Amino acid sequence: TAAVLFVQGAVGLVVGHPLDTVKVSFFDNRFETQTVYRGIFDCVVKTYTHEGFHGFFKGMSFPVVSVAISNAVAFGSYSNALDYLTRSGYNNSEQSKQSSLTAVFMAGCFSGLAQASLAPIDLVKVRLQNQTKSGGNKYRGPIHCIAVILREDGVKGLFRGMWALALRDVPCFGLYFLPYELICRMLTEKGKQPGNTAVLVAGGVAGVVTWACATPMDVVKARLQMCGGGGRMYSGVLNCITVSVREEGMRVFFKGLLLNSVRAFPVNAVTFLSFEMLLRAMTDSPQD
């Protein structure tokens, strides 16, 4: 199971990390970093000019190493919560082997809450992604980044932005698994397992729906995470929202929506497909 979760997460991470770097650099913190971009294409060009192809994969080593833990928490907590809810009174489905959509949503929310405990992983990724060679590298790598944060802010510094992360992930993970399950059921004949096409479509749509709801709080989360890392200082989630709206208007929370959606479809389609295929391969393999 650990191998399945590692490969699944690594595939999705490699597919989506370049666009995630552009998203973090341009949309979330463009007014807090030293480089200002005129648009998405300008951000891509400047990133490549200053840092080369490697620049699009900044901060990826730490998530790749920890991806097994991250995916085990997300999918493991979801599966266990769904199993519990299915066997309890929260499942109103008449089909014994099919969970109700209410149970799916609640299990997804629980998964999002569990994911918030992994805030340090996301914090290190964001800090490393926001470094540019032209602006100087404060962190030499993931371990050095953690050491610097601990030295400057203590243990609590590793959980900077955790509340914003929880506010983003709890409802949005519910919306992540809900459309996936719903679309898979719509595209699959009764009594059969969903095919690859159904999984790809359901996973892609699930990713787009999730990020459509997650983008505003994702901007707040990333800005809070950059506090102390070269970004503007905010006293908390509410202060970050208030200052951002006053200076940039409500549209600041939706600037990354298009890029997030473009990134979300292929990443989550591949993530769910690789997970389903690897799980089936392990399940169908002959036992000694």
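The values are calculated or read from the model by the stated rules, or taken from the named source; none is laboratory data. On a predicted model such as this, the values are computed, not experimentally measured, just so you know. Using ideal geometry, Cβ is built from the backbone for each residue, glycine included, and neighbour counts are taken over all protein chains shown. When the accessible area is computed, the model is the full protein with side chains, heavy atoms only, and any ligands, DNA or RNA have been set aside. Shrake-Rupley method; radii C 1.70, N 1.55, O 1.52, S 1.80 Å.
Worth a mention:
- Calculated from backbone phi, Karplus (6.51, -1.76, 1.60) coupling profile of the stretch 188-196 in Hz, x at Gly/Pro: 10, 5, 4, x, 10, 7, x, x, 4
- In a reduced charge model with +1 at each Lys and Arg Cβ and -1 at each Asp and Glu Cβ, the stretch 162-248 shows a dipole moment near 80 debye about its Cα centre.
- Under the Karplus curve 6.51 cos²θ - 1.76 cosθ + 1.60, θ = phi - 60°, whole-Hz ³J(HN,Hα) for the stretch 245-251, x wherever Gly or Pro sits: 5, 5, 8, 10, x, 5, 5
- For the stretch 145-288, the relative contact order works out to 28 percent when only alpha carbon pairs closer than 8 Å and six or more residues apart are counted.
- Most tightly packed first, judged by the mean number of other beta-carbon atoms within 10 Å of their residues, the peptides 270-281, 185-196 read 270-281, 185-196.
- Solvent-accessible area, 1.4 Å probe, carbon plus sulfur percent, for the stretch 162-248: 66
- Using the Karplus relation 6.51 cos²θ - 1.76 cosθ + 1.60 with θ = phi - 60°, the per-residue 3J(HN,Hα) values for the stretch 204-216 come to x, 5, 4, x, 5, 4, 4, 6, 4, 8, 8, 3, x Hz, with x marking Gly and Pro.
- Size descriptor for the stretch 162-248, Kirkwood hydrodynamic radius: 14.8 Å (Cα pairs only, one decimal).
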